[in-house]
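Reviewing the structure listed below.
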Amino acid sequence: MTKMTIVALLTVLLAGSISIAAERSSIAVANAARIFDEMQEMKDIREKLASENRLLTGLDVEKRQKLQAMQEALNALKPDAPQYKEKADELTKARIEYETWARYTNESFQREQMLALKQAFQKIEAAIAEVAKQKGIAVVITDNRTPLPDNLDRMNMQQLQALINSRAILYADDAVDISSDVLALLDARYRESAKPQQQ
């Protein structure tokens, strides 16, 4: 093998290595906030949680009204009336039961919301990784830039500065945004999982 051939071979190998490195170092962006807002599964979860919240709010109103009625009935009695102690005990018991129910319900509902958010984010992460691998992308950066307001009268100097400083990305071409691809994958998987399982 001549010296010229070795040099040519090394040149080809080096060029190939540079090309592979450039391909693997490619960077894309994804708007996690947009994906959260637009993915069909999260829309359905938000609707379900809103329905549960309306139901719980209705129950809370009913329980408060019952307590109010019990309080008014007790107020109508004189403290030395024969039924007063019995009614006062019933009201105390009802208040404790309501406070326990309200605390349990609130914590349970918050836990359900947090679990739904965590699971959705994990699915988004997995979908971003899958799309990135398909496209030969090595790094995906979240792009949650909030547009600067046209009317600066609605914020002070500190708020504007904080908004500017929070921007991790100053520019990203639309071609490197994989948010739509991620949404398409997530919605396709969600539709598939929603299909009735064949026996």
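The values are calculated or read from the model by the stated rules, or taken from the named source; none is laboratory data. Predicted model only: the values in this text are computed from it and were never measured. Every residue, glycine among them, receives a Cβ derived from its backbone with ideal geometry; neighbour counts consider all protein chains shown.
Look through S179, S166, S193 and report the one residue that is touching a residue at least 24 places away in the same chain (Cβ under 8 Å) and farther than 30 Å from K78 by Cβ.
S179
Tally the residues that are exposed (fewer than 11 other Cβ atoms within 10 Å of the Cβ) and over 23 Å from the mean Cα position of the chain (by Cα), restricting the search to the range 147-163.
Within the range 147-163, residues that are exposed (fewer than 11 other Cβ atoms within 10 Å of the Cβ) and over 23 Å from the mean Cα position of the chain (by Cα) number 7.
How many of the residues making up the range 21-71 are under 26 Å from G136 (Cβ atoms), exposed (fewer than 12 other Cβ atoms within 10 Å of the Cβ) and of a type in the set (G, A, S)?
Residues flagged as under 26 Å from G136 (Cβ atoms), exposed (fewer than 12 other Cβ atoms within 10 Å of the Cβ) and of a type in the set (G, A, S) within the range 21-71 amount to 3.
Condition test on L91, is it of a type outside the set (K, R), over 39 Å from the mean Cα position of the chain (by Cα) and assigned to a loop (DSSP other than H, G, I, E, B)?
The answer is no for L91.
Inside the range 94-131, can you point out the residues that are more than 30 Å from V61 (Cβ to Cβ), of a type in the set (D, E) and more than 15 Å from the chain's Cα centre (by Cα)? Spell out the reasoning first.
In the first step, residues of the range 94-131 are kept if they are more than 30 Å from V61 (Cβ to Cβ); the result is 118-131.
Within this subset, residues satisfying the condition of being of a type in the set (D, E) are 125, 130.
E130, the sole residue that qualifies.
Looking at this structure, is K118 under 30 Å from R189 (Cα atoms) and basic (K, R)?
yes
So if I check each of T5, T57, which one is at negative phi, at pLDDT below 95 and not basic (K, R)?
T5
With the condition kept exactly as written, say whether any residue in the range 166-178 is over 15 Å from I35 (Cβ atoms), surrounded by 10 or more Cβ atoms within 10 Å (Cβ to Cβ) and among the hydroxyl-bearing types (S, T, Y).
Yes, because at least one residue in the range 166-178 is over 15 Å from I35 (Cβ atoms), surrounded by 10 or more Cβ atoms within 10 Å (Cβ to Cβ) and among the hydroxyl-bearing types (S, T, Y).
With respect to R95, is the statement that it is of a type in the set (K, R) and exposed (fewer than 11 other Cβ atoms within 10 Å of the Cβ) true?
Taking the combined requirement at face value, the residue does not satisfy it.
Spot the failing condition for G136; the list is (1) in a loop (DSSP other than H, G, I, E, B); (2) small (G, A, S); (3) free of Cβ contacts under 8 Å to residues at least 24 places away in the same chain, and only one is missed.
(3)
So which residues in the range 75-108 are among the hydroxyl-bearing types (S, T, Y) and without any contact (Cβ under 8 Å) to a residue 12 or more places away in the chain, if there are any at all?
Hits for the range 75-108 are Y84, T92, T100, Y104, S108.
Kindly provide the set of residues from the range 145-196 that are of a type in the set (D, E, K, R) and either assigned to a loop (DSSP other than H, G, I, E, B) or touching a helix residue (DSSP H, G or I) at 6+ places or on another chain (Cβ under 9 Å) (or both), ordered by number.
Of everything in the range 145-196, those that are of a type in the set (D, E, K, R) and either assigned to a loop (DSSP other than H, G, I, E, B) or touching a helix residue (DSSP H, G or I) at 6+ places or on another chain (Cβ under 9 Å) (or both) turn out to be R145, D150, R167, D173, D181, D187, R189, R191, K195.
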